[in-house]
Amino acid sequence: PRPRGAQRTWLMNSMMGKLSPADRKAMGVLAAEEYEPCEDDYAQTYLNLATVKAAIHVQDNLKWEPCSYTVSYNVTDSTEVSTAPIYNYLIDGDYGLNILVYSGDDDSVCGTIGTQNWIWDLGYSVAGKAWQTYTYNEQTAGYATQWKNTKLGFLTVHGAGHEVPTYKPDVALDMWVRFLAGEFTSA
């Protein structure tokens, strides 16, 4: 019988990493190559409910698809539009927001290098030293950088892909708790 759930497939392979592929197969665990991150998406079901669409003012005829490559809205410009100026607006507007941008260093969808490029191009000065080691359970979990007078932080998560909580749930929870306490954004 095929085990259900993309997240379960990834988790079981992660937990049983030392077992041979034959042993994993005998236990009914799909190979890691069969992991499809969009297989289970309860948010998709929820966001396609008519009551939810009405509440968030989405047209009835649109269907939410988390992994769609089709743009279902009007684009007035033929080029991609950077969202980086929005960060400048939020930071420079004295809204007092704590903003943490984080990136899995194994993310093949939105690579860390691209995130680094736009975040450094915002034009703020680094507070202290860039790339401070971020630890979880006395292990390096990634690297953190903060910017002066901005409440802006950038954090990499070692060994995580595009969906950081899927790959590193314990680190993601720790990151979230520490972010809420202002640790990564209060330089």
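Give the calculated FRET efficiency between Glu163 and Gln116 to the nearest 0.05, with a Förster radius of 25 Å applied to their Cβ-Cβ distance. In this case the efficiency is close to 0.80.
Among 131-143, 81-93, 149-161, 173-185, what's the highest-first ranking by average C-beta atoms within 10 angstrom per residue?
Details: 131-143: 14.3, 81-93: 12.3, 149-161: 20.4, 173-185: 16.2.
Order by mean packing, descending: 149-161, 173-185, 131-143, 81-93.
Straight-line cross-link partners of Lys53 among the lysines, defined as a Cα under 16 Å from its Cα and at least 8 positions apart when in the same chain: Lys63. By the rule of a C-alpha distance below 27 Å, with chain neighbours fewer than 8 residues away ignored, the lysines paired with Lys151 are Lys129, Lys168.
Can you give the translational diffusion coefficient of segment 103-187 in µm²/s, computed by Stokes-Einstein from the Kirkwood radius over Cα pairs at 37 °C and 0.692 mPa s?
The diffusion coefficient I find is 252 µm²/s.
Quick one: dipole size for segment 110-187, taken about the Cα centre, charges +1 on Lys/Arg Cβ and -1 on Asp/Glu Cβ, in debye to the nearest 20. Don't skip to the answer; put the middle values down first.
Working: 5 positive and 6 negative charges, 52 e Å.
So the magnitude is around 260 debye.
Modelled spin labels at Asp23 and Ser108, positioned 7 Å past Cα toward Cβ, are 2.7 nm from each other.
Going 7 Å from the Cα of Trp131 in the Cα-to-Cβ direction, what parts of segment 148-173 have a backbone nitrogen less than 17 Å from that spot? Within reach of a label on Trp131, which here means backbone N under 17 Å from a point 7 Å along Cα→Cβ, segment 148-173 contributes 154-159.
Where a number appears in this text, it was derived from the coordinates with a stated rule and is not lab data. Please read all numbers here as calculations on a predicted model, not as lab measurements. With ideal geometry, Cβ positions are generated from the backbone for all residues, glycine too; neighbour counts draw on all protein chains shown.
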